[in-house]
Amino acid sequence: MSANPSRRQFLQAGMALPAAGLVASNSLESAFQEPPKVVYRTLGKTDLKPSGVGYGIGYVPYTDVVARALDMGINYFDTARDYKDSEKIFSGVIKGRKRDKIIIATKSPSYRKEQILKDLDTSLAQLGTDYIDIWHLHARDTPASIPDGALEAMQIAKKSGKARYLGFSCHKPYAMVDFIINTKVFDVMQMTYSYPIGGRLRNDAVDKLRAAGIGVIAMKVVVAVSGLNIADFSGKPKSTGQGPLAGIKWVLTNPGIGTTVPHMKTIPELEMNFRAMSEPYTPADEQLLYTLNEQIRPNYCRMCYECEGKCPKGMPVADVLRFLAYHDFCGNYHQAAMSFSGLAKEIRDVRCSDCSACAIECPNGVHVQDRLIRAQTLLA
């Protein structure tokens, strides 16, 4: 079977497995395997060797979980200037540990040269280090979002030694592949990539980046399969079984992925995800993910951006649904509300309940108007 097997192959092999037994089946298989171990991967042409399962620190770092991850051998940690006190809290966990054993990535939300360089100095001070392993521009989905001044700032950061490597994060990787290759400034791209939002465009992007020697960091890898109570939107996490584990295993079947950055809140969650590096992706995993994917179909945006520019009121549908997902699928109201508040006032004031019918027909089956109404009710 190929390194990145097709869904059809796995579904054909896995349909004989009873859905009710998926979690137990995976657990039994794991019991007879060797103890899980950390596996380090290649990140483009950099000399960094990140663990296949990295750690997205997020807005609220769980210091005991982060410390445990370090002890287990996880070495890739992702944070950002936007994430409140995330950098400062993380610095307390790594204090006294060997700096050269930890890969730190953080990000600037700014666009102007001077502010990007100022952000870098602030991040260095907050993290208590004299260099960043990967310095990203945060959330860049069009070439216009990385103007010449930003490119110049990034090159200055690298030449100064304050940033070893350069990158940016994005939600539309296929719109940025040619840009990152042609500019010859960036070493890595952090992109959305998961079972629910995978597909030809993202896979083609990964393949092209890999061929160009650009490292790929996958984010949002377990968002839709980590599961909140979607039926009643209670906001309380429910048991997810092996969903996140299977989701990370699926991502790591792609040899173009250097590492992943799931956010982990508990040590059991960490220890489960850790297994993704050494356990095989199985037909049971495929069937589980397929089932979960169908369950969330009406509620989870696949970030295909087919709806872009189609709302007569100018609503950036995919962005708003992504913000809502931070709450409904990650349990993070703060990130959802802060992201929504960054929209222009005229967009925040739109009420989709005023429309008799939605102009958007999602090709992936998302109930767009219902989701937008929920976002406006919850976040505005």
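The values are calculated or read from the model by the stated rules, or taken from the named source; none is laboratory data. Note that the coordinates shown come from a computational prediction; the quantities given were computed from them, not determined experimentally. No Cβ is skipped: glycine too gets one built from the backbone with ideal geometry, and neighbour counts run over all protein chains shown. When the accessible area is computed, the model is the full protein with side chains, heavy atoms only, and any ligands, DNA or RNA have been set aside. Shrake-Rupley method; radii C 1.70, N 1.55, O 1.52, S 1.80 Å.
See the values below:
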{"quantity": "Strands (runs of 3 or more DSSP E) within the range 116-204 that include 2 or more residues open to solvent by 20 Å² or more (accessible area, probe 1.4 Å) and closer than 26 Å to GLY54 by Cα", "calculated": "163-170"}
{"quantity": "Extreme residue, most open to solvent (accessible area, probe 1.4 Å), among residues of the range 349-364 that are under 30 Å from GLY198 (Cβ atoms) and touching a residue at least 12 places away in the same chain (Cβ under 8 Å)", "calculated": "PRO363"}
{"quantity": "Residue in the range 316-324 that is of a type in the set (A, V, I, L, M) and over 18 Å from ALA224 (Cα atoms) present", "calculated": "no"}
{"quantity": "Residue in the range 90-106 that is of a type in the set (Gly, Ala, Ser), under 16 Å from GLN190 (Cβ atoms), crowded, with 17+ Cβ neighbours inside 10 Å and without any contact (Cβ under 8 Å) to a residue 40 or more places away in the chain present", "calculated": "no"}
{"quantity": "Of all residues making up the range 58-77, the number that are open to solvent by less than 10 Å² (accessible area, probe 1.4 Å) and touching a strand residue (DSSP E or B) at 6+ places or on another chain (Cβ under 6 Å)", "calculated": "4"}
{"quantity": "Residue match in the range 307-315 (condition: open to solvent by 40 Å² or more (accessible area, probe 1.4 Å) and closer than 17 Å to ALA139 by Cβ)", "calculated": "yes"}
{"quantity": "Condition broken by ASP370, with the remaining ones in (1) open to solvent by 70 Å² or more (accessible area, probe 1.4 Å); (2) closer than 22 Å to ALA139 by Cα satisfied", "calculated": "(2)"}
{"quantity": "Qualifying residue in the range 89-106 (condition: in contact with a strand residue (DSSP E or B) (Cβ under 8 Å, 6 or more places away or on another chain), under 30 Å from VAL317 (Cβ atoms), in a strand (DSSP E or B) and hydrophobic (A, V, I, L, M, F, W, C))", "calculated": "yes"}
{"quantity": "Enumeration of residues in the range 281-328 that are of a type in the set (A, V, I, L, M) and in a helix (DSSP H, G or I)", "calculated": "ALA284, LEU288, LEU289, LEU292, VAL317, ALA318, VAL320, LEU321, LEU324, ALA325"}
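Listed here are the residues, each with its yes/no results for (1) in contact with a Ser or Thr (Cβ under 9 Å, 6 or more places away or on another chain); (2) at pLDDT 95 or above; (3) under 14 Å from HIS263 (Cβ atoms).
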{"site": "PRO61", "(1), (2), (3)": "yes, no, yes"}
{"site": "VAL65", "(1), (2), (3)": "yes, yes, yes"}
{"site": "TYR76", "(1), (2), (3)": "yes, yes, yes"}
{"site": "ALA80", "(1), (2), (3)": "yes, yes, yes"}
{"site": "ASP85", "(1), (2), (3)": "no, no, no"}
{"site": "SER91", "(1), (2), (3)": "yes, yes, no"}
{"site": "ARG99", "(1), (2), (3)": "yes, yes, no"}
{"site": "ILE103", "(1), (2), (3)": "yes, yes, no"}
